[in-house]
Amino acid sequence: MKWWGWGDEQIAFTHEDKPSLRPFMLRHLQVDIAQSQSTPIAFEASAVPEPRVDAALRARVEAIAPVSVDPMDRVVHARGKSLRDLVRTRGGDLGRVPDLVVRPGSEAELSALLGAALDADAVVIPFGAGSNISGSLEAPVDEARTVISVDMGRLDRVLSIDPVARLAEIQAGAAGPRIEEQLNAAGWTLGHFPDSFTHSTLGGWIATRSSGMQSDKYGDIAELTRGLRVVAPSGTLVVRPLPSTSTGPSVREMILGSEGRLGLISTATVQVHRLPAQRVILGYLFPTWAEGLAAMRDIAASEARPSVTRVSDAEETAFSFATRKHQTAVDKLQSKALTTFLERRKGYDVSAMCLAFIGYEGSERHVRAQRRLVGRITGRHGGICIGTGPGALYDQKKFDTPYIRDFLLDRGMLADVSETAAPWSRLADVYAAATGAARDTFRSLGVPGYVMCHLSHSYHSGACLYFTFAMTPSGRRAPLDEYAAVKSAIQQSFVDSGATLSHHHAVGTEHAEWLEQDISAPGVAMLRALFDGIDPGENLNPGKIA
Ligand SMILES: Cc1cc2nc3c(=O)[nH]c(=O)nc-3n(C[C@H](O)[C@H](O)[C@H](O)COP(=O)(O)OP(=O)(O)OC[C@H]3O[C@@H](n4cnc5c(N)ncnc54)[C@H](O)[C@@H]3O)c2cc1C
């Protein structure tokens, strides 16, 4: 992982093969993306503080597991990848860098490490792959105690698969590709594919209540996770992998979303599925956002069970078209013919149309039947299917899209996301409130800005709305202050309109301000009592959630 940005050093987003992107960005963000304006400072120029650790603790930890005090290693482990994290790190503001990075290789080593840290009153921060975007990893800037980042990366094995119960026990430090590679070899899949799949881990997913793009079929990580082993201050907590249980308030649910505040998740037993015989993602167009939303709601209420349901608003659709690669003469003819067909025969206003992806998985017969069921519903909402091409492209490129944020930062723009969930009956209002809040704030700051949204992750009673916004700072104030004004306005609009502060990005420090409005003051008091009871010395990832 880059210390200053997302993903692999060798991969970068480029506009050069996307001819429509430059005019699009010029029009909406008033930036010529052909010119790069800013680069991260050289690593050597950033002042990494010396580790603060006494010799006795260091020697005890070194006797348990490999320890690193390498400056780059410590900086990579200092924070996640939120926009605020990237802007500060790129500018040389490194925050409270951990003193030690430790890499345990077994549950016994995790226990010994936690014991040593607690005896020395040190801070322990579990580190999956550092991809969170909610400020879930950073130690408080004034933390005077030794800070130990526990890198879970060596714990990356699938330990066992129970083919009868369709459960697999997996070590928590395994990243997405390692999990799928081991499960696929035995004919299974976990089916959890967040956009950060390549650089995030099972333990991180559980500790942040993550959701993957195929959650409509497989469930969010909260549903996939049945059993847990957690190294906690009072010993190893064991949640047995039961399909359901009536044992009082759910301890399993307490660990889900706990962001390292209750202990170190060592392994999880998760639901797995046989690899599907067929997997198809089809593209659809809808005449308006309202029709797209209604179609997704009707699909959720029907007998259809697609693996992916996702519809973009007109702004995100326009952005998707602007990132299309060079088109051949035949492509151009086809898209002209499609536009003419949509306008003349279907009565579309193409500037309002919305692009959707719906995925199907299973046997050929199942996929065929599902497509028919969904086709009837989309048809009722003026939708037309545009085939497998756009869906296949989306599927191929989805793990590359995250690189665009660094590309925009290099050109002086700020881009981020805010996502939420709400009941179907409130989604249109939540959408209007959030996009309105973003645009009002762009206007009051006097900055060019763009906000766009898609619906994904459908449930019985509602769905997730995922907003992406980009802005060009005015230069009159600190860029992060202008960014914070937009981000806060969107987050506030969520809780004001009956939606949650986050559907799958967790609370961390970024969203903690809205927790009480979301879960009520007694709800926050209950969480605080839990954290205080389990970790009275505030040694476990202090300052997160509540
Ligand atoms: C470009 C991009 C795209 C993203 N797309 C998605 C998406 O599609 N869906 C989604 O849900 N999220 C997404 N995220 C957010 C992020 O990937 C998730 O929050 C992810 O679950 C974090 O996993 P991680 O292993 O990187 O955890 P980290 O960032 O390392 O840690 C996150 C939190 O979990 C705790 N933790 C980690 N491992 C353990 C453990 N073993 N035991 C106890 N606590 C632990 C940490 O202490 C921290 O509080 C995205 C982020 C980026 C930057």
Query raised in the report: Quick check: anything in segment 221-244 touching a strand residue (DSSP E or B) at 6+ places or on another chain (Cβ under 9 Å), β-branched (Val, Ile, Thr) and more than 16 Å from the ligand (Cβ to nearest atom)?
Result: no
Query - Options Arg60, Arg84: the member that is within 16 Å of the ligand (Cβ to nearest atom) and farther than 16 Å from Gly153 by Cβ - result: Arg84
Query raised in the report: Which residue pairs have Cβ atoms closer than 8 Å, lie 6 or more positions apart in sequence or on different chains, and pair a first residue in segment 195-218 that is farther than 14 Å from Ala268 by Cα and among the aromatic types (Phe, Trp, Tyr) with a second residue that is assigned to a loop (DSSP other than H, G, I, E, B) and near the ligand (Cβ under 8 Å from one of its atoms)?
Result: Phe197/Gly212; Tyr218/Gly212
Requested in this report: State whether the residues of segment 467-481 include one that is under 22 Å from the mean Cα position of the chain (by Cα), of a type outside the set (S, T, N, Q) and over 22 Å from Gly449 (Cα atoms).
Outcome: no
Query raised in the report: Can you name every residue in segment 196-215 that is assigned to a helix (DSSP H, G or I) and buried (at least 24 other Cβ atoms within 10 Å of the Cβ)?
Result: Leu202, Gly203, Gly204, Trp205, Ile206, Ala207, Thr208, Ser215
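Regarding Gly375, is this residue surrounded by 15 or more Cβ atoms within 10 Å (Cβ to Cβ) and either within 16 Å of the ligand (Cβ to nearest atom) or at positive phi (or both)?
Taking the combined requirement at face value, the residue does not satisfy it.
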Requested in this report: Have a look at Phe399, Phe407 and point out the one that is touching a helix residue (DSSP H, G or I) at 6+ places or on another chain (Cβ under 6 Å) and either within 16 Å of the ligand (Cβ to nearest atom) or not hydrophobic (A, V, I, L, M, F, W, C) (or both).
Outcome: Phe399
Requested in this report: Just give me the residues in segment 119-145 being out of contact with any strand residue (DSSP E or B) (no Cβ under 7 Å at 6 or more places or on another chain) and over 21 Å from His505 (Cβ atoms), in sequence order.
Outcome: Asp119, Ala120, Asp121, Asp142, Ala144
Query raised in the report: Out of Ser363, Ser418, which single residue is closer than 30 Å to Glu482 by Cβ and either more than 20 Å from the chain's Cα centre (by Cα) or surrounded by 17 or more Cβ atoms within 10 Å (Cβ to Cβ) (or both)?
Result: Ser418
Report task. Considering only segment 1-55, state which residues are within 30 Å of Val124 (Cα to Cα), surrounded by 11 or more Cβ atoms within 10 Å (Cβ to Cβ) and small (Gly, Ala, Ser). Result -> Gly5, Gly7, Ser46
Query raised in the report: What tally of residues in segment 251-275 results from selecting those that are more than 15 Å from Leu224 (Cβ to Cβ), outside any strand (DSSP E or B) and not β-branched (Val, Ile, Thr)?
Result: 8
Query - Selection status of Glu316, in contact with a strand residue (DSSP E or B) (Cβ under 9 Å, 6 or more places away or on another chain), part of a helix (DSSP H, G or I), under 24 Å from Arg380 (Cα atoms) and within 16 Å of the ligand (Cβ to nearest atom) - result: yes
Report summary line: Over segment 166-190, the set of residues within 13 Å of the ligand (Cβ to nearest atom) and either surrounded by fewer than 16 Cβ atoms within 10 Å (Cβ to Cβ) or not in a helix (DSSP H, G or I) (or both) is Ile170, Gln171, Ala172, Gly173, Ala174, Ala175, Pro177
Query raised in the report: In segment 277-323, how many are over 24 Å from the mean Cα position of the chain (by Cα) and of a type outside the set (Asp, Glu)?
Result: 14
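No value in this document is a laboratory result; all are computed from the given coordinates. This structure is a prediction, so every number in the text was calculated from the model and none was measured. Please note: Cβ atoms are built from the backbone with ideal geometry, for glycine as well, and neighbour counts cover all protein chains shown.
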